[in-house]
1. Return the pair list, or none, for Cβ contacts closer than 6 Å from residues in segment 144-163 that are in a loop (DSSP other than H, G, I, E, B) to residues that are at pLDDT below 95 and of a type in the set (A, V, I, L, M), at least 6 apart or on different chains.
2. What about ASP128, is it part of a loop (DSSP other than H, G, I, E, B) and under 43 Å from the mean Cα position of the chain (by Cα)?
3. Consider segment 87-140. How many of its residues are among the acidic types (Asp, Glu), touching a helix residue (DSSP H, G or I) at 6+ places or on another chain (Cβ under 8 Å) and modelled with pLDDT under 90?
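The values are calculated or read from the model by the stated rules, or taken from the named source; none is laboratory data. Just so it is clear, the model here is predicted, and its values are computed rather than measured. So basically every Cβ, Gly included, is an ideal-geometry build from the backbone, and we count neighbours across all protein chains shown.
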Amino acid sequence: MGLFGKKNDEPELIEELPPRRRKTQDETFRVGRALAGDASKNRELKQERLRAAKQRQRKNVATVVGAVVLIGVVVVVAVNFISGVIAEREQALAPAPAKEPTVAIMDENVGGHISERVKEFIVRLEDDMKHEGYEIDHIVLPYQMARQIDVYIKDRKEYYKLSVDRSSAVQAEDLGRMLRYIDKNKISCTYVDLRVEGKAFYK
């Protein structure tokens, strides 16, 4: 026995450990393949995220461009509409073209000066009566009646009193209706007064 009472000084076996097992080549390959697979998945996830981010960016850009184009179209349409309205209003407010009457005018007043206002009215009245299907033969400016003209229609005996203060188009329409009314009812008269709006007097 030895000094400590153990035979041949052999250490005491407390617990027998299992032998360490070395990894086989297959296990090492599987671990490496798993690591490589994880890395590949990470790369694919990054690529998918990048693609998704690019798609979102493209959608955002497309949305912004579409909004800008739409705003541009709306602005162009609005400008064209406003320009058209302004042009129509300017045309409506523009004075009649500087034309001379083509019908004969007999002025009963001394001096024989016909104002530009009366000339413009007669020019418009000529065109308006053509639209009604009638032609003016001549016009008389009565003595001391600056706001009245007497209109004689071709192939008619009666004449029609009109006012230069009212619309030539409206009075031409009234005159056309009165001509047709007289012919339909076979009325014989010397003149028809159309100076009052909505009324006609004949004698």
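1. Qualifying pairs under 6 Å: ARG147/VAL164.
2. Numbers: part of a loop (DSSP other than H, G, I, E, B): no; under 43 Å from the mean Cα position of the chain (by Cα): yes.
So ASP128 fails the test.
3. Residues of segment 87-140 among the acidic types (Asp, Glu): 88, 90, 100, 107-108, 116, 120, 126-128, 132, 135, 137.
Filter once more, so that each one left must be touching a helix residue (DSSP H, G or I) at 6+ places or on another chain (Cβ under 8 Å): 100, 128, 132, 135.
Okay, now just the ones that are also modelled with pLDDT under 90, so 100.
So the answer is 1.
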